[in-house]
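Taking it in order: structure first as structure tokens, then the write-up.
The values are calculated or read from the model by the stated rules, or taken from the named source; none is laboratory data. All values derive from a computational prediction rather than experimental measurement. No Cβ is skipped: glycine too gets one built from the backbone with ideal geometry, and neighbour counts run over all protein chains shown. Calculation scope for accessible area: heavy atoms of the full protein, side chains included, ligands and nucleic acids excluded. Shrake-Rupley method; radii C 1.70, N 1.55, O 1.52, S 1.80 Å.
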Amino acid sequence: MSEQSEQGRILLVEDEPTVRDLHDAILVSAGFATRVADNLAEMRRELRRSRYDIVLLDLRLPDGNALDAIPEIRANTSAGIIVATSSRDQGERLSGLERGADQFLEKPIHPRELLARVRNVIGRLRTPDGSQEALVYRFEGWTADLLARKVTFADGGDVHLTDREFRLLEALIRNGDRPVHRERLIALLSGDDEATDRAVDKVVYRTRLKLHEHLGNNAPLIETVHGYGYRLIARSL
């Protein structure tokens, strides 16, 4: 496996050795750095250790369905997500895209298509100077560092957000001024216990409260979009 490359870093999540080795060889020969994971648990450990430009994710893995992991990847990393599947189920593809996948590839994948899709997604995620999208977002009175998973305020103080609260805030930040659908938030906040509409409302309430305690204002930083979900309305700098 390649370890360093200016082309980009790819995490291959695939349990079939023949397919995994083939995709790895194609990407390495094109100049990409790659690491591999056999299942979702290994993927999570690898994502905690290193930064990747792309997660190439098999749809069905021994320890779960990749569709359920997409919101988690999207919330915790800046990587693009490409799902590889032998299924032609249109409903699965739509569900994956709604949850945050960038692309779907149908197996067996032609080498040229694999490279084209990877390069296209990386190209969209990178800024004109070649760097990856921002991981630090600054607003009036506060800053969110998505890599350090930390929120700090202009007076130097910070706030402790739970894992669910930070995942919610990050999803809202990454969506810009567009609202995040309630169903996506339910999928995003699900963990050991399945999230519900009520659970989402509680996380939103607690996150709002913690931010307002430090900012000392009554502006609704997290706005309710009735019949749809929530949107961050904080002014970015």
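Tabulated results
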item	result
Among beta bridges that DSSP assigns inside the chain, antiparallel share in %, nearest 5	55
Long-range HN-HN contacts of Leu61 with modeled amide H, under 5 Å	Ala66
Longest segment of the chain lacking trypsin sites (Lys or Arg not before Pro) that sit in a DSSP loop with at most 13 other Cβ atoms within 10 Å	89-234
Within straight-line cross-link reach of Lys202, lysines at Cα separation under 27 Å, skipping those fewer than 8 residues along the same chain	Lys150, Lys210
Percent carbon-and-sulfur accessible area, the chain, ignoring ligands, DNA and RNA, probe 1.4 Å	47
Surface accessible to a 1.4 Å probe, per residue, for the residues of region 1-119, Å²	46
Gain in span if fully extended, Arg60 to Ala41, counting 0.36 nm per residue against the direct Cα distance	5.5 nm
Point-to-point label distance, Asp145-Asn120, nm (Cα→Cβ direction, 7 Å offset)	3.6
Structure-based [θ]222 nm, the chain - -39500 (n - 2.57) summed over DSSP H runs of at least 4, per residue, nearest 500	-13000 deg cm²/dmol
